[in-house]
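Participant: Right, I'll just put the structure down here and ask away after.
The values are calculated or read from the model by the stated rules, or taken from the named source; none is laboratory data. These figures come from a predicted structure and were not determined experimentally. Ideal geometry is used to build each Cβ from the backbone, glycine not excepted, and the neighbour counts take in all protein chains shown. For the accessible areas, the whole protein counts, side chains as well, though only heavy atoms, and no ligand, DNA or RNA atoms are used. Shrake-Rupley method; radii C 1.70, N 1.55, O 1.52, S 1.80 Å.
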Amino acid sequence: MFKMLTIVSLTILGLSILINLYRVIKGPSNADRIQALDTIGLNLVASTAIISVIFKSEAFFNLMLLIGILSFVGTIAFSRFLERGVVIERKR
């Protein structure tokens, strides 16, 4: 029963990633695309956590942390680029 629930939850997360991928491609605005990319990162972290439970391994915790950090930094960088046109400002 528990294994079936984990497989169902992985399937739902996979569908959510596909729906968000559609939003990244067809999004009406760039802000929608950034939000969809951030949601994909969140779904990847959740999927990795479920896979970690299935395999009964703690080895995936570092991967979850890495995906979360990269997703956060990517979201901030894209948002700054939309707002200012550059990611890193050079002061002279």
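Participant: Given the condition over 20 Å from GLY14 (Cβ atoms) and among the charged types (D, E, K, R), answer yes or no: does some residue in segment 44-57 qualify?
Facilitator: yes
Participant: Those residues that are part of a helix (DSSP H, G or I) and surrounded by fewer than 16 Cβ atoms within 10 Å (Cβ to Cβ), I need them from segment 25-41; list them, please.
Facilitator: Across segment 25-41, the qualifying residues are ILE25, LYS26, ASN30, ALA31, ASP32.
Participant: Take ILE17 and tell me if it is part of a helix (DSSP H, G or I), more than 17 Å from SER71 (Cα to Cα) and out of contact with any Ser or Thr (no Cβ under 6 Å at 6 or more places or on another chain). Working first, answer last.
Facilitator: Working: part of a helix (DSSP H, G or I): yes; more than 17 Å from SER71 (Cα to Cα): no; out of contact with any Ser or Thr (no Cβ under 6 Å at 6 or more places or on another chain): yes.
Answer is no for this residue.
Participant: So which residues in segment 17-50 are touching a Phe, Trp or Tyr at 6+ places or on another chain (Cβ under 7 Å) and modelled with pLDDT of 95 or more, if there are any at all?
Facilitator: THR48
Participant: Let me ask another. Would you mention how many residues in segment 59-76 are open to solvent by less than 40 Å² (accessible area, probe 1.4 Å) and of a type outside the set (Val, Ile, Thr)?
Facilitator: Result for segment 59-76: 4.
Participant: Given the condition assigned to a helix (DSSP H, G or I), open to solvent by 60 Å² or more (accessible area, probe 1.4 Å) and in contact (Cβ under 8 Å) with a residue 12 or more places away in the chain, answer yes or no: does some residue in segment 77-87 qualify?
Facilitator: Within segment 77-87, one or more residues are assigned to a helix (DSSP H, G or I), open to solvent by 60 Å² or more (accessible area, probe 1.4 Å) and in contact (Cβ under 8 Å) with a residue 12 or more places away in the chain.
Participant: Scan LEU15, LEU21, LEU63, LEU37 and give me the residue that is within 16 Å of the chain's Cα centre (by Cα) and either under 30 Å from GLU89 (Cβ atoms) or in contact (Cβ under 8 Å) with a residue 40 or more places away in the chain (or both). Please lay out each step first, then the result.
Facilitator: Values: LEU15 fails: either under 30 Å from GLU89 (Cβ atoms) or in contact (Cβ under 8 Å) with a residue 40 or more places away in the chain (or both); LEU21 fails: either under 30 Å from GLU89 (Cβ atoms) or in contact (Cβ under 8 Å) with a residue 40 or more places away in the chain (or both); LEU63 fails: either under 30 Å from GLU89 (Cβ atoms) or in contact (Cβ under 8 Å) with a residue 40 or more places away in the chain (or both).
Being within 16 Å of the chain's Cα centre (by Cα) and either under 30 Å from GLU89 (Cβ atoms) or in contact (Cβ under 8 Å) with a residue 40 or more places away in the chain (or both) holds for just one of LEU15, LEU21, LEU63, LEU37, which is LEU37.
Participant: Can you work out which of the residues in segment 42-58 that are of a type outside the set (A, V, I, L, M, F, W, C) and touching a residue at least 12 places away in the same chain (Cβ under 8 Å) is surrounded by the most Cβ atoms within 10 Å (Cβ to Cβ)? If you could, list the steps in order and put the result at the bottom.
Facilitator: Initially, segment 42-58 is screened for residues of a type outside the set (A, V, I, L, M, F, W, C), giving 43, 47-48, 52, 56-58.
Filter once more, so that each one left must be touching a residue at least 12 places away in the same chain (Cβ under 8 Å): 43, 47-48, 52.
Details: ASN43: 21, SER47: 19, THR48: 19, SER52: 16.
Among those residues, the one meeting the criterion is ASN43.
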